[in-house]
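First up is the structure itself, then whatever we jot down about it.
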Amino acid sequence: MHRIVIYTKDICQLTGKSDKYARGLMKKIYAYYNKSQDIPLTVVEVCNYLRIDVEQASKWMRG
């Protein structure tokens with residue numbers, strides 16, 4: 001079973017960028033979807049924003 005919620009470490013693994021970049025990207029995604037930052041981002045939202053296939057991203061994310 002795969003997780004639904006995505007964290008900054010997952011974005012770091014997907015993009016190969018730093019933690020600081022991942023936090024900034026998460027802020028952009030929150031603004032894009034007009035979500036409050038106390039509501040977690042989902043894998044699907046991040047993948048749609050980055051235009052990555054969800055199946056490929058789930059292979060790279062940690063358990």
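The values are calculated or read from the model by the stated rules, or taken from the named source; none is laboratory data. All of these numbers come straight from a predicted model, not from anything done at the bench. Protein only, heavy atoms only, side chains kept; ligands, DNA and RNA dropped before computing areas. Shrake-Rupley method; radii C 1.70, N 1.55, O 1.52, S 1.80 Å.
Over the chain, with the other protein chains present, what is the accessible area per residue in square angstrom, probe 1.4 angstrom?
I get 73 Å² per residue for the chain.
Tell me, what is the percent relative contact order of the chain, built from C-alpha pairs under 8 Å that lie six or more residues apart?
43
Taking only DSSP H segments of four or more residues, each worth -39500 (n - 2.57), what value at 222 nm results for the chain once the sum is divided by all its residues, to the nearest 500 deg cm²/dmol?
Helices in the chain give a 222 nm mean residue ellipticity of -17500 deg cm²/dmol.
For the range 1-40, give the percent of accessible area contributed by carbon and sulfur heavy atoms, probe 1.4 Å, rounded to a whole number.
Using a 1.4 Å probe with all protein chains present, the range 1-40 comes out at 55 percent carbon and sulfur.
Name the lysines eligible as straight-distance cross-link partners of Lys27: C-alpha to C-alpha under 21 Å, and not fewer than 8 places from it in the same chain.
Lys9, Lys17, Lys35
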